[in-house]
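Each reported figure results from applying straightforward, stated rules to the coordinates on display, with no laboratory input. From a predicted model like this one, the values you see are computed outputs, not experimental measurements. So basically every Cβ, Gly included, is an ideal-geometry build from the backbone, and we count neighbours across all protein chains shown.
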Amino acid sequence: MGVRSAFLFSGSQLGSAFSGLIAAGIESGMNGVRGLESWRWIFIIEGSATVFIAICAAFILPDWPSNTRWLSPTERAVAEWRLIADAGQVDEDDGRWSYGFKRALADWRLYVFALTFLCIQVSSATSNFFPSVVQTLGFNRVNTLLLTVPPYIVALLISIGNNWSADRLQNSSFHIIWPLALAIVGFVIAAASLNTGARYFAMIAMVAGGHGSNAVLLAWVQKTMLRPRIKRASAVAFVNAVGNLSQVSQLFVPTFMDSQVRKFPTNMLPQS
């Protein structure tokens with residue numbers, strides 16, 4: 001389950017990597033086209049792609065085999081049978097979200113998972129302003145955008161490898177701890193060093209570490225709160241919602257002002 005979750009999260013990491021490449025191309029070749037600045041074209045092009053894919057996904061992505069419209073009745077039955085065979089039992093619930101939510105909230109483990117995921121998301125929140133972080137290295141805009149790509153590729157590889165190892169060894173806790181330790185190392189180096197190479201290594205470490213354990217934690221939630229399925233779905237939704245509260249913490253992190261271009265310990269230490 002961890003590897004499948006990692007491939008799901010890989011969409012975010014690949015999107016961040018390719019958005020850097022696309023932004024670099026737009027910055028170098030489309031500034032002033034039709035009277036629009038390059039940053040406006042970034043929003044237009046990348047935003048249009050997002051809207052198009054979202055509309056298509058609403059019709060293509062299945063919700064559950066039993067109500068997937070583009071499957072035949074036989075295919076639905078086979079898919080349902082495979083789920084039952086894999087689980088070893090039939091889910092017995094009334095399907096109401098309120099029922100699942102109450103069951104999930106009554107389980108103390110939900111709050112441990114939610115707090116852990118919140119900490120993970122705080123460490124990965126650097127992605128919100130990562131181009132600004134890379135810009136502190138002193139390169140021009142195009143090179144800065146290109147330099148945002150490798151950290152996400154490394155994060156993708158670490159995430160898939162880490163989840164594969166977690167599934168194989170049947171150990172989730174260690175595979176959550178070590179990526180976070182890597183992220184802490186990155187934040188500390190970024191706060192303590194002015195060396196360009198060391199700072200870029202730190203940026204790779206903070207992104208790779210911050211994204212390396214997301215899927216492990218969510219897979220752990222699903223494996224721990226396995227039945228009934230409506231409880232499992234509610235638990236994952238709750239953990240995700242609490243994790244997204246990490247974005248609030250960024251309001252209290254000092255912004256990257258011009259006076260902090262070469263040194264920003266106050267930005268890195270709170271996240272570490």
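Taking the mean number of other Cβ atoms within 10 Å as a proxy for protection, how do you rank 126-134, 61-69 from highest to lowest? Display every interim value, and only then the final one.
Working: 126-134: 18.8, 61-69: 11.1.
Ranked from most to least packed, the peptides come out as 126-134, 61-69.
Which helices, counted as full DSSP H runs in the chain, have an axial Cα extent of no less than 27 Å and a Kyte-Doolittle average of -0.5 or above?
Numbers: long enough: 2-29 (40 Å, 0.77); 38-60 (33 Å, 1.60); 149-169 (30 Å, 0.69); 173-192 (29 Å, 2.08).
Helices meeting the criterion: 2-29, 38-60, 149-169, 173-192.
Can you tell me which of 200-210, 28-38, 163-173 comes out highest on packing, and rank the rest after it, using the mean Cβ neighbours within 10 Å?
Those peptides, ordered most packed to least, come out 200-210, 163-173, 28-38.
Ranked by Cβ crowding within 10 angstrom, fewest neighbours first, how are Glu46, Glu27, Glu75 ordered?
Values: Glu46 16, Glu27 20, Glu75 12.
With the sparsest Cβ surroundings first, the list reads Glu75, Glu46, Glu27.
Relative contact order for the chain: what is it in percent, counting Cα pairs under 8 Å that are at least 6 residues apart?
Details: 340 pairs, mean separation 81.1, N = 272.
Worked out over the chain, it gives 30 percent.
Divide by every residue of the chain the summed helix terms, -39500 (n - 2.57) for each DSSP H run of at least 4, and state the resulting mean residue ellipticity at 222 nm, rounded to the nearest 500 deg cm²/dmol.
Numbers: 14 runs with 196 residues, N = 272.
Mean residue ellipticity at 222 nm (helix-derived): -23000 deg cm²/dmol.
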